[in-house]
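All remarks here apply to the structure that follows.
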Amino acid sequence: MPRFESVDHLREYRRQLAARLDPKQQQVLVCAGPGCLPMGSDEVAAAFREELQKNGLEGKVALKECGCQGLCARAVKVLLRPQEIAYQHVTPEDVPEIVEATLKNGQVVERLVYENPETHEHIAHKADIPFYKGQQPIVLRKLDLVDPESLDDYLALGGYRALRKVLGEMSPDQVIEAVDKAGLRGRGGGGFPTGRKWRVCADALDEVKFIICNGDEGDPGAFMDRAVMEGDPHAVIEGMIIGGYAIGAQRGYIYVRHEYPLAVKRLNLAIEQAREVGLLGANILRSGFSFDIKISRGAGAFVCGEETALIHSMEGFIGEPSPRPPYPAQQGLFGKPTVINNVETWVNVPEIINMGADWFAGIGTEKSKGTKVFSLVGAVNQTGLVEVPMGTTLRQIIYDLGGGLRPGREFKAVQTGGPSGGCIPAEFLDLPVDYDSLQSVGSIMGSGGMIVMDNTSCMVDVARYFISFLHQESCGKCTPCREGLKNLLFLLDEIIAGRGEMAHLDLMEELCATMASASICGLGKSAVNPVRSTIKYFRQEYEAHIRDKKCHALVCRPLLKYTIDPETCTGCLACVRECPVGAISGQKKHAQEIDQELCVKCGLCHEACQFDAVKVE
């Protein structure tokens with residue numbers, strides 16, 4: 001690959017790549033995203049490689065291991081182009097049939113295509129699958145098409161076109177103006193206007209400035225940034241170079257959590273490739289602008305997703321937040337003005353430059369422009385990554401894209417915004433998803449986690465789970481967060497153990513008010529959302545735990561009671577054999593009894609009984 005000496009050289013090379021593309025060439029795109037890799041996508045790709053060679057199709061059919069194709073519930077996924085046939089639950093054993101039927105004879109393997117759970121209709125083409133129909137991919141648009149380890153592939157699909165335009169046609173002020181006019185807000189959780197942040201940093205008088213990509217994605221169940229870093233690393237780099245040019249920075253860092261080794265590997269490879277061709281380094285494309293990027297690895301501390309804690313971590317100190325102001329855009333890394341945006345924000349930047357600020361601003365709502373990527377997980381039929389215009393309702397995401405809940409289950413709540421988000425009940429299913437609407441019902445956008453819960457979830461237990469997580473991840477620097485989370489967790493434990501009092505609810509609300517107003521950083525301020533929202537919308541569950549000593553979802557073990565129905569018990573002794581503490585007694589072929597004083601509520605007797613004689617309440 002040549003070293004690009006000018007914007008015209010880059011344009012010509014991209015033109016040659018595009019000219020060599022054959023739109024009719026058959027392609028096998030194997031998903032190697034976070035959902036498919038653990039399910040054996042490597043083995044599926046290897047099977048395709050072997051089968052193509054065996055059938056004399058090597059070189060005639062292009063095989064790529066691409067990024068996430070979104071529908072993680074159907075892993076491993078394979079997309080065949082140009083037919084746009086989407087196969088799901090593919091195993092290595094299925095590969096010979098796909099090659100023979102589809103690649104050689106143009107036939108569809110019906111058993112491997114999507115089946116509508118309601119109509120049982122078989123849908124072969126990706127565009128017709130309900131999961132994809134309501135989406136508008138911008139950030140995810142190349143994930144299932146581009147080889148993440150090939151710079152040529154990225155260039156052929158339009159990569160670095162925005163950088164060429166910026167360096168050849170736009171001033172730094174014009175870039176900031178475009179981002180500001182587009183209405184792009186930070187996708188990492190804060191929702192601060194990106195253009196305004198860039199302007200503050202650009203106006204700072206210091207000659208040394210930094211760009212940081214925050215890839216420290218710590219929300220349970222969230223994998224949006226991971227999928228993008230692993231599947232489209234050059235898009236992250238291109239956005240950062242444009243940002244560096246806009247604010248006058250010469251150095252950028254990508255902060256990636258320790259748990260993402262594949263993201264680190266592919267980002268490092270993409271950085272090396274960009275350096276080799278002159279897209280990173282000194283005097284990029286002979287424009288006079290110099291910029292380079294380095295990877296900084298985090299140790300997996302959740303609090304390091306907060307900007308100032310992230311900066312301290314990068315500087316070699318404990319990841320603790322600092323009071324603001326000064327803001328990082330004024331005084332950040334090593335005391336220098338620093339712009340920090342998350343992965344999704346950076347990837348939006350090249351598309352704004354390519355398509356125009358008005359185009360981006362035309363998507364979404366009045367105050368929340370563009371699209372948002374969510375990791376849709378939990379009690380839905382179709383889990384995975386979705387990207388929808390801001391303003392799409394929760395109902396559309398959960399039911400139209402997610403396929404609704406499993407048979408026999410009822411929707412109870414959806415939590416948005418990660419562990420610091422609120423639990424939103426069914427009455428707000430038609431709420432548009434944007435920054436302001438979510439805040440109005442006690443939740444947040446966050447980085448894009450969306451966890452759906454059904455009637456088997458206990459909302460007291462849900463609140464306890466997230467408070468426990470936040471208590472462990474709090475840095476402990478400020479008293480309101482440190483002591484507030486500790487005491488919230490204690491009170492929730494008391495309620496779940498059957499020792500709760502009604503006064504505890506008032507005390508928890510008082511603690512939440514103090515934490516929200518007095519904590520130093522966003523972790524402590526937003527950590528109250530799981531408790532506040534569950535008390536507000538599911539107070540009856542708290543009262544049942546406190547007054548009736550009942551968990552109606554049958555989740556909180558201390559409040560459960562196991563009994564044996566003498567009418568249906570056959571005396572088979574299966575429960576006796578499973579009980580770890582000898583709490584069940586009785587003669588063989590006669591009804592058994594459970595000693596409630598000895599019972600540890602483990603539930604093994606309930607699982608062992610084949611006659612539904614063991615009851616739980």
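The values are calculated or read from the model by the stated rules, or taken from the named source; none is laboratory data. Everything numeric in this text was worked out from a predicted model, so none of it was measured. Glycine gets a Cβ as well: all are built from the backbone with ideal geometry, and neighbour counts include every protein chain shown.
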Checked the stretch 365-408 for anything under 18 Å from Thr119 (Cα atoms) and of a type outside the set (Val, Ile, Thr); matches are Asn381, Gln382, Tyr399, Asp400, Leu401, Gly402, Gly403, Gly404, Leu405, Arg406, Pro407, Gly408
Counting only residues in the stretch 366-393 that are of a type in the set (D, E, K, R) and within 15 Å of the chain's Cα centre (by Cα), the one surrounded by the fewest Cβ atoms within 10 Å (Cβ to Cβ) is identified as Glu387
**Item:** Selection status of Tyr160, assigned by TED's automatic domain parsing to the domain that holds Glu50, touching a helix residue (DSSP H, G or I) at 6+ places or on another chain (Cβ under 8 Å) and of a type in the set (Ser, Thr, Tyr)
**Value:** no
Condition set in a loop (DSSP other than H, G, I, E, B) and surrounded by 20 or more Cβ atoms within 10 Å (Cβ to Cβ), scope the stretch 447-456, selection nearest to the chain's Cα centre (by Cα): answer is Gly448
Checking Phe289, Phe317 in turn, the sole residue that is in the same structural domain as Ile242 (by TED's automatic domain parsing) and within 30 Å of Glu149 (Cα to Cα) turns out to be Phe289
When (1) without any contact (Cβ under 8 Å) to a residue 40 or more places away in the chain; (2) buried (at least 16 other Cβ atoms within 10 Å of the Cβ) are applied to Pro137, the one that fails is (1)
Within the stretch 267-289, the residues that are assigned to a helix (DSSP H, G or I) and either small (Gly, Ala, Ser) or closer than 26 Å to Met224 by Cβ (or both) are Leu267, Asn268, Leu269, Ala270, Ile271, Glu272, Gln273, Ala274
The residue from Gly70, Gly40 that alone is small (Gly, Ala, Ser) and modelled with pLDDT under 90 is Gly70
Within the stretch 294-314, the count of residues that are in a loop (DSSP other than H, G, I, E, B) and either surrounded by fewer than 24 Cβ atoms within 10 Å (Cβ to Cβ) or in the same structural domain as Ile467 (by TED's automatic domain parsing) (or both) comes to 3
Checked against (1) touching a helix residue (DSSP H, G or I) at 6+ places or on another chain (Cβ under 6 Å); (2) surrounded by fewer than 20 Cβ atoms within 10 Å (Cβ to Cβ); (3) not basic (Lys, Arg), Leu573 satisfies every condition except (1)
If we ask which residues in the stretch 246-266 are in a helix (DSSP H, G or I) and crowded, with 24+ Cβ neighbours inside 10 Å, their number turns out to be 3
task: Considering every residue within the stretch 458-475, establish whether at least one is assigned to a loop (DSSP other than H, G, I, E, B), in contact (Cβ under 8 Å) with a residue 60 or more places away in the chain and more than 27 Å from Arg226 (Cβ to Cβ).
output: yes
Taking the stretch 80-96 and keeping only residues that are part of a helix (DSSP H, G or I) and either surrounded by 16 or more Cβ atoms within 10 Å (Cβ to Cβ) or touching a Leu at 6+ places or on another chain (Cβ under 6 Å) (or both), one is left with Pro92, Asp94, Val95
If you go through Ile495, Ile546, Ile520, Ile444, the only one that is more than 27 Å from Glu387 (Cα to Cα), among the β-branched types (Val, Ile, Thr), surrounded by 15 or more Cβ atoms within 10 Å (Cβ to Cβ) and at pLDDT below 95 is Ile520
Going by the structure shown, is Gly218 surrounded by fewer than 24 Cβ atoms within 10 Å (Cβ to Cβ) and within 18 Å of Ser375 (Cβ to Cβ)? yes
Checked against (1) farther than 21 Å from Ala62 by Cα; (2) not assigned by TED's automatic domain parsing to the domain that holds Gly56, Arg141 satisfies every condition except (1)
Reported set for the stretch 101-115 where residues are within 19 Å of Val76 (Cα to Cα), in contact (Cβ under 8 Å) with a residue 12 or more places away in the chain and in a helix (DSSP H, G or I) is Thr102, Leu103, Glu110, Leu112
Per the filter on the stretch 145-166, residues closer than 26 Å to Gly384 by Cβ and either small (Gly, Ala, Ser) or out of contact with any Pro (no Cβ under 9 Å at 6 or more places or on another chain) (or both) are Leu145, Val146, Asp147, Ser150, Asp153, Leu157, Gly158, Gly159
For the stretch 240-251, state whether one or more residues are at positive phi and not basic (Lys, Arg). yes
Of the candidates Lys60, Lys77, the one satisfying the condition of being touching a residue at least 12 places away in the same chain (Cβ under 8 Å) and over 29 Å from the mean Cα position of the chain (by Cα) is Lys60
All-but-one check, Gly524 against (1) outside the structural domain of Ile467 (by TED's automatic domain parsing); (2) touching a Ser or Thr at 6+ places or on another chain (Cβ under 8 Å), failing number (1)
- Test: Leu333 is touching a strand residue (DSSP E or B) at 6+ places or on another chain (Cβ under 7 Å), crowded, with 16+ Cβ neighbours inside 10 Å and within 26 Å of Ile138 (Cα to Cα): no
Of the residues in the stretch 323-378, those that are outside any loop (DSSP other than H, G, I, E, B), of a type in the set (Gly, Ala, Ser) and within 16 Å of Ile176 (Cβ to Cβ) come to Ala357, Ala361
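In the stretch 406-416, is there at least one residue being surrounded by fewer than 19 Cβ atoms within 10 Å (Cβ to Cβ) and modelled with pLDDT of 90 or more?
The answer is yes, given that some residue of the stretch 406-416 is surrounded by fewer than 19 Cβ atoms within 10 Å (Cβ to Cβ) and modelled with pLDDT of 90 or more.
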Every listed condition ((1) in a loop (DSSP other than H, G, I, E, B); (2) closer than 30 Å to Ser447 by Cα; (3) without any contact (Cβ under 8 Å) to a residue 40 or more places away in the chain) holds for Cys599 save (2)
A careful count of residues in the stretch 345-373 that are at pLDDT 95 or above and of a type in the set (Asp, Glu) gives 2
>> Would you confirm, using the coordinates I've provided, whether Ala156 is surrounded by 22 or more Cβ atoms within 10 Å (Cβ to Cβ) and out of contact with any strand residue (DSSP E or B) (no Cβ under 8 Å at 6 or more places or on another chain)?
In response: no
Taking the stretch 16-56 and keeping only residues that are loosely packed, with under 11 Cβ neighbours inside 10 Å, of a type in the set (Lys, Arg) and not in a loop (DSSP other than H, G, I, E, B), one is left with Arg20
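So, of the residues in the stretch 417-441 that are hydroxyl-bearing (Ser, Thr, Tyr) and surrounded by fewer than 24 Cβ atoms within 10 Å (Cβ to Cβ), which turns out to be farthest from the chain's Cα centre (by Cα)?
Ranking the candidates gives Ser440 first.
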